[in-house]
Each structure stands twice: as C-alpha cells, then as structure tokens.
Amino acid sequence: MTGVVPKDAAAVILLRQNTDPQNPEIYWVKRSDKLAFLGGYHAFPGGQIDAGDAEVDVRNAPDAVTAVMISGAARELFEELGVLVTHGGEALTKGQRASLLDDLESGRMSWPALLKHYELYLDANDFTYVGRWVTPPFNSRRFDTWFFLVNCPPKQEPHVIVGELQEGEWITASDAYGRWLRDEVVAVPPTLHALRTIAAGLTPDLVDRFFSLNNARGEIARRITFRPNYICFPVRTPTRPPATHTCCYLIHTSKEMLIVDPGSPHEDEQQALAECVDDMIAEGRRVRAIVITHLHPDHIAGVNVLLAHLGGNIPVAAHADTAAALTDIQVDELIADGDVIALDGDPPVNLKALHTPGHARGHLCFHDADRGALLTGDNIVGVGSVLIDPPEGNMREYLNSLARMRALPNLSVLFGGHGPAVAAPYRKIDEYISHRLEREQHILQAVREGATDPKQIVAKVYTDVSPKAYAMAERAVLAHLDKLREDGLVLVDNEIWAPA
Ligand SMILES: [Zn+2]
C-alpha cells in the first residue's frame, strides 16, 4: 500500500452541560479555509499528539496508550476552545485559565509542566472513548484519530481561539446533521457518524452505537460522503505522486446513479468498487452511465472491467475529443458543453457539463447548481498539482477553464479527481490562477535574462521542486512558453527561445 503513514491524533466531542438527553447539543467547529488539511470543513476540535502528551498525570486510564491519547485530547480542547477538563484545580477562575492558556500558547510552559505547576491532573473517567478512525490513504496528510466524548465542565464556555478554526457553536446533533443533509456543510465520515449517533439520544447503548461501524475501530472507510448524493470512492491508481488514488464518484438519487472515472487498473480495487456499485443497485438504483472526465489512464483504466461486471448494457459517456482519442474504450454517448444530465429520483440531481480543456482537450467538469457542487476532474485536485503537458495540455485553455469555473455562482464544494473535497472553492480556484500567472511571470523573466530552453528555465524558476520533478516541470514550462509566444512576448527559432 502506498501513501503516507497516519499520525496519532485525538479529538473531542464536547457535550453541553445539562443538555437534553433526548436532543443533545454538541460543540462543533468550522476549520479555517486556509488549512491544507480539511480547510473549511465542519468538525470537532482536535489535532496531532505531541511528544509531551505522554508526560502528563492521567489517572484511571486502562493503559499507557489511552492515557497519552486522553492527554492530547485534553490539550487540544484547551488550546482550541479554552476548555480545561482537569482535577485538582477546580478553584481556577476564568482569568487564571486564560493566563494558563497564554502560558501554553506562548510556549512559556509546556502542557505537562503547566499541569504540574498548578497541581492539576487528568481523570480518564472524564473522557469516554468512542472510536478510532483512520484517514483514508488518498489524503496527503493522514491521522489515526481517537475520539472522546467529554462533558463540558460547569462554568466553562468554549470559544474558538486559534487561527486554525474559523467558527464554533453549540448546536443539537440533529440540527448539525440536518445542515449537512441540506448541503450547507462539508464533513468527513467520523463527524457525520458522531452526529447521527448522538442525535439518537444519550441512551445507555450510546457507546455501542458509536462502535456499530467497523470504521470506528480503525477500518478505513471506502465510501466517503463529504456531501449528500455524492459518494467519493477513492481507488488506488498508478497516478502522479503525491497522489496515490483517483476519486471515482458515485453521484446518485434514490433511483439512478452515474459512475464517474472508475480509474483503477488493479483487480482488488475494481472489485471493491464493483461491490459498492452492486450495493447501490440492490437499494433500487439503476446505473444511467459511466462518465469519463478525460482520457488519462488513471481515470479510465477500470471502465471496461466495470462494464463487463454490470452486464455491458450501460452507456459510456464522454466528450467527443475524448471519444476520438480512446482506442480501447467504446464511447456510446457524447457529452457537449452545456448538456444537462438529469438523474430522476428523490431528490433529483441535475448536472450541467462544462467543456473545460487545458489539462486535456476533451476535459469535462460537471456543475450541480442546486447544491453548489462542481465536479472538477483533473482541473482542480484535492491533493498534488495539475500537470499541463502540451500538446494535449494547453495553458491558455487551462487558464480560460479556471476563469470559467471561477465565474460559477454559489459554489460551496469542489469534487476533484484526486484527494479530498475542497470546501473553500473560490479560494482554491484563485490560488490555482495566481500560482500559474506567477510562474508565467518568472518564466518570462528567465527568458529575458537569457535562458533559452525549458531545462535552463526550470533550473532558474522551479527552485521549489525536487530534481526528480524536473522532467515534468519542463513540460509545464513548455506550456507556458507556448502561451507567451501566442501573447507575442517570446519567440522560438529551432527550439531556442528568446524575448520578443
Ligand atoms: Zn489527468
């Protein structure tokens, strides 16, 4: 298995004091749009375990590992929301807690030193362990996160402190889950599972219900529902690092579904996807089509196997330029710019196709205006970067496509061909555009300073990439040079580039 090794982390699901056990309130946060990992997502406070977490006095813990996780959970809760769940220091005033937090945040005192200094300790009985979830390997950052249910101590009120979080609020678990159902938030499976579980009430079997999914015991979730009606099913593919997987999307209503980019050539992955599709068919859906966003192997390698599995009677749909370039796959339906695919069922899904060349000539994106969702294929990805490799790739067309995507109103989520969904769409598209324009300026400057070929330009401009990526970078430079030539800013003669 490829990918990064998950790091230990802990998170806290904070329950409000004296909350209604039939309709409990929890504290959830919105992560900052700026964060590289799950920026803009709704989640619970938490983070990575620190080396110092092991040095804290945790009483009544069943074992040393649990003690460390509890210590990390308590520290994150304190750092992110200012809530301190300790014993021995009950007499601490609000002002004293604020000064402790300042000591910790400023680095004047470490977490273990601070607790020791104020004669505080943690009690494992305050932290109910409710599961351990591992980030799937299609993310560039991965965590093995222990979740704890914690009652907010009396006379303490959480408030969002650090720049990592954007917002926080008390909300009933059922309202929070309702907001996800109404497409108002983006969340990962452990968050959604916790909300659903708590929404059913603080019953005696609460903890058992938390563990009703194997994913709560560290088994990696395959179906990822960042938003309703869109299952992201990442499949392992020989794609471009740091990406290791391609996101296959199962866009569905109660009656119909589309399968977008079944891209894995690996038998085990094809089988896992087929099982998921079979389950969805068994629930009463029919497969309307297999849709291809573009011609690259990591997006199409599983098409024929899936077709055979489904009995062959499913149309394959793609743009005409993609259909013309494919030799092994028979495209039955052509999708043109502006075409709408309407999925019948409850609720209906309407996807408008956008022909967005640049990464590939026949590249398609799909816009769901009712939900503010955009399927971006390889034009925007949640992990890694997008390669523009001429002649299939074209920088001018790519920038035009990005501008077109940027102009769509009310986007709230991007589903890319690799990595997790993007919950801050406009920020991400702007980042992509400004990154390309900046590169272009640097390349133009390099030519003006005497660089005459892509190799020399890469050496001057791509100082931030590893030499292993130079060959790819030269392709991207060529794409920029072609655009600059069309713009009348550079000339080329016999593969020697010069300022115009
Ligand atoms: Zn691609």
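The values are calculated or read from the model by the stated rules, or taken from the named source; none is laboratory data. Because the structure is a prediction, the values reported are computed rather than measured. Every residue, glycine among them, receives a Cβ derived from its backbone with ideal geometry; neighbour counts consider all protein chains shown. Ligands, DNA and RNA are excluded from the accessible area calculation, which covers all protein heavy atoms including side chains. Shrake-Rupley method; radii C 1.70, N 1.55, O 1.52, S 1.80 Å.
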Margin query: Out of the residues in the stretch 391-411 meeting the condition of being away from the ligand (no atom under 14 Å from the Cβ) and assigned to a loop (DSSP other than H, G, I, E, B), tell me which one is least open to solvent (accessible area, probe 1.4 Å).
Written below: LEU411
Margin query: Here is a check on your reading of the model: is GLN270 more than 16 Å from the ligand (Cβ to nearest atom) and open to solvent by 40 Å² or more (accessible area, probe 1.4 Å)?
Written below: no
Next item on the list: With respect to PRO242, determine if the residue is closer than 25 Å to TYR177 by Cα and within 16 Å of the ligand (Cβ to nearest atom).
Entry: no
Next item on the list: For the stretch 4-30, name all the residues that are among the hydrophobic types (A, V, I, L, M, F, W, C) and touching a strand residue (DSSP E or B) at 6+ places or on another chain (Cβ under 7 Å).
Entry: ALA9, ALA10, ALA11, VAL12, ILE13, LEU14, LEU15, ILE26, TRP28, VAL29
Notebook entry, point to check: Using beta carbons and a limit of 6 Å, which pairs, at least six apart or on different chains, have the first residue in the stretch 164-188 and at negative phi and open to solvent by less than 80 Å² (accessible area, probe 1.4 Å) and the second one in a loop (DSSP other than H, G, I, E, B) and β-branched (Val, Ile, Thr)?
Noted result: GLY168/VAL160; ARG179/VAL185
Notebook entry, point to check: What number of residues within the stretch 279-301 satisfy the criterion of being part of a loop (DSSP other than H, G, I, E, B) and either within 16 Å of the ligand (Cβ to nearest atom) or buried (at least 23 other Cβ atoms within 10 Å of the Cβ) (or both)?
Noted result: 6
Next item on the list: Name every residue in the stretch 426-460 that is within 16 Å of the ligand (Cβ to nearest atom) and in a loop (DSSP other than H, G, I, E, B), in order of residue number.
Entry: none
Check: Within the stretch 412-425, is there a residue that is more than 14 Å from the chain's Cα centre (by Cα) and either charged (D, E, K, R) or more than 16 Å from the ligand (Cβ to nearest atom) (or both)?
Finding: no
Note to self: Can you report the number of residues in the stretch 208-254 which are over 30 Å from TYR129 (Cβ atoms), assigned to a strand (DSSP E or B) and of a type outside the set (Phe, Trp, Tyr)?
What the structure shows: 8
Notebook entry, point to check: So ASP261 clears everything in (1) within 28 Å of VAL4 (Cβ to Cβ); (2) buried (at least 21 other Cβ atoms within 10 Å of the Cβ); (3) out of contact with any Ser or Thr (no Cβ under 8 Å at 6 or more places or on another chain) except one condition, right? Which one?
Noted result: (3)
